[in-house]
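Below: one structure, written as structure tokens.
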Amino acid sequence: MQQLEFSPFCFRFKNSENKVAIFDEIRKKFILLTPEEWVRQHVVHHFIYEKKFPKSLINVEKQIQVNGQTKRYDVVVYHPDGRLRVLVECKAPEVAISQATFDQIARYNTALRADFLMVTNGLNHYFCQMDFENEKYHFLPELPAHQS
């Protein structure tokens with residue numbers, strides 16, 4: 001798999017029927033290794049090992065309802081009280097981050113109302129803090145770490 005713009009992490013892999021799978025520490029199972037999954041797993045490890053979020057506050061690939069349609073988010077990180085702290089949209093490294101990507105995560109966030117957004121293709125990362133009162137987001141150089 002392609003080298004990404006994250007710190008190096010130690011991953012578990014297995015081969016099954018000529019396909020490679022990567023272990024997801026949140027879902028506690030092996031997942032087929034696709035380019036997008038490679039990015040998603042780096043994001044999960046980034047939150048656990050660099051931002052120091054407990055695994056119990058992280059959720060991966062769950063369905064949500066957005067404007068009556070079923071969608072699936074990539075990663076969310078919760079506050080300890082259950083409110084959404086971070087919503088993450090992952091793309092494969094070959095997929096350029098575009099306005100359509102930001103529109104997608106903004107639509108998801110109308111339903112979820114996370115405080116922060118992260119959009120990444122593993123090579124380029126964008127971080128935003130939401131300003132719901134003024135219906136805007138402010139770009140940040142980095143997301144804040146977990147406060148224990």
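Report, as a whole number in µm² per second, the diffusion coefficient that Stokes-Einstein gives for region 92-141 at 25 °C and 0.890 mPa s using the Kirkwood radius over alpha carbon pairs.
In µm²/s, the coefficient rounds to 216.
What pairs in 19/52; 29/55; 28/55; 52/136 have C-alpha atoms more than 22 Å from each other?
The pairs that break the limit, which is 22 Å between Cα atoms, are 19/52; 52/136.
Please work out the FRET efficiency for the pair residue 129 and residue 11, using the Cβ-Cβ distance as r and a Förster radius of 22 Å; give the result to the nearest 0.05.
For residue 129 and residue 11, the calculated efficiency is 0.15.
Treating the beta-carbon of each Lys and Arg as +1 and of each Asp and Glu as -1, no other charges, what is the dipole magnitude of the chain about its Cα centre, to the nearest 20 debye?
Here the size comes out at about 580 debye.
Restricting things to Cα coordinates, could you compute the convex hull volume per residue of region 17-140 in Å³?
In region 17-140, the Cα convex hull volume per residue is 122 Å³.
Expressed as a whole number of Å, what is the distance separating the alpha-carbon centroids of region 52-117 and region 122-148?
After rounding, the separation between the Cα centres reads 12 Å.
Taking the Cα of residue 97, stepping 7 Å toward and past its beta carbon, and measuring to each backbone N in region 128-148: which are under 12 Å?
Once the point is set 7 Å along Cα→Cβ of residue 97, 128-129, 139-143 turn out to lie under 12 Å by backbone N, inside region 128-148.
Throughout, read-outs are computed from the coordinates displayed, never taken from laboratory work. Values in this document were obtained by computation on a predicted structure and should not be read as measured data. Neighbour counts run over all protein chains shown; Cβ positions are idealised from the backbone, glycine included.
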